[in-house]
Amino acid sequence: MSGSTFTRQMTIPEWEALFPDDDACKAYLTRRRWPDGVVKCPRCGNDKVWELKGRPFHWQCNACGPRDYRFSVLVGTVFENTNIGLRQWFKVIYLMLTSKKGISSLQIQRIMGFGSYRTALYVTHRIRAAFTDPDFRKLIGIVQVDETYIGGKNKNRHADKKTDGRGGAGKAIVMGAIERGGNVVARIVAHTDQGQAEAFINEVVSEKVDLVATDESGLYVKVGKKRKHASVNHMRGEYVRGNVNTCSIDGFWSLIKRGIIGTFHNVSRKYPPLYVAEFEWRFNNRDNADIFGAAVARC
């Protein structure tokens, strides 16, 4: 986006030095989860927990009877109950964050040496699920709203998967809103109609917004009832009129589409929300100098 400055991330040698083994990763995760120390039991909330000296990164709560409850730093995270080392998880997070257009699970399998594609898909999908943000702040200021379709081109599908429809037939529908110079919110929706568009805008855009800018689509004719609204007419070759344009949200769509087509190639119809969440989170943290630490904290 215009005005953005480049935010440097860790290099691979810096990452390797910071996380030489699993214990270093567990220490980092402990600091991220509990910066003031482990002061409450994650199961019952009891404020008297004891560190187990004989088992590093493990604690005990005596209030979770009838038996004492022992827990590790991994409890309640995406890393819990897996046979994959924490350092491997951290490396996958690093690879996903440093790839602007994403990195495929097949490539993750090759780089990490996972025994199967299923393992790589399991890891990447759990990380993507952690990136979803249900506690976002509603957008204010000048907000651009638009919709797009993601998925393979109909002409490239196998004969038994081609559709007779045009445009977005057989694709996932995504609605997005972006605050000028700020964050984006994107959601998979079931239909493209005025009701769906109105519900999305009511969910993610504050009524105190300065302006909602859209294109000429009939989806947005009701926006002006609650919010100041203006549109540009792409059909007539109009793309910018003062503060009214959809350039920023179009730029975000291009990132997703280049990622889907050029990196992931094929996305199952079950998983578009996870991929959209990944692109949304990475975009919203583009200026975060500690993007890796923020990602680990979400996991």
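What follows is calculated from the coordinates using simple rules that are stated; it is not laboratory data. Here the structure is a predicted model, which is why all the values come from computation and not from measurement. Because the Cβ atoms are built from the backbone with ideal geometry, glycine has one as well, and the counts that use them run over all protein chains shown.
Can you show me the helix-derived [θ] at 222 nm for the chain, built from DSSP H runs with n ≥ 4 at -39,500 (n - 2.57) apiece and divided by the number of residues, rounded to the nearest 500.
Details: 9 runs with 98 residues, N = 299.
One gets -10000 deg cm²/dmol as the mean residue ellipticity at 222 nm.
DSSP loop trypsin sites (Lys or Arg not before Pro) in the range 108-146 with at most 14 other Cβ atoms within 10 Å of their Cβ, which ones? If you can, show how the numbers build up before the last one.
Numbers: sites: R110, R118, R126, R128, R137, K138; in loops: R137, K138.
Taking the range 108-146 and a limit of 14 other Cβ atoms within 10 Å, the loop trypsin sites (Lys or Arg not before Pro) found are R137.
Rank-order 96-104, 217-225 by packing density, defined as the average count of other C-beta atoms within 10 Å over each peptide's residues, highest first.
Details: 96-104: 18.2, 217-225: 15.8.
Per-residue mean Cβ counts within 10 Å order the peptides as 96-104, 217-225.
Given +1 at the Cβ of Lys and Arg, -1 at the Cβ of Asp and Glu and no other charges, the dipole of the chain around its Cα centre is 580 debye to the nearest 20.
Taking neighbour Cβ counts within 10 Å as the exposure measure, how do D215, D287 sort from fewest upward? Spell out each step's value before the answer.
Values: D215 22, D287 11.
Sorted ascending by nearby Cβ count, the order is D287, D215.
Among the GluC sites (Glu not before Pro) within the range 1-103, which fall in a DSSP loop and have no more than 15 other Cβ atoms within 10 Å of their own Cβ?
Numbers: sites: E14, E16, E51, E80; in loops: E80.
In loop regions of the range 1-103 (DSSP not H, G, I, E or B), the sparsely surrounded GluC sites (Glu not before Pro) are E80.
Evaluate the relative contact order of the chain (contact order divided by residue number), counting alpha-carbon pairs under 8 angstrom at least 6 apart; express in whole percent. Display every interim value, and only then the final one.
Working: 409 pairs, mean separation 61.9, N = 299.
Value for the chain: 21 percent.
Backbone amide hydrogens, once placed in the peptide plane, bring H229 within less than 5 Å of V212, excluding anything fewer than 5 places away on its chain. Look at (1) 1.16; (2) 1.21; (3) 1.08: the one that is Cα Rg over 2.2 N^0.38 Å derived from this structure is (1).
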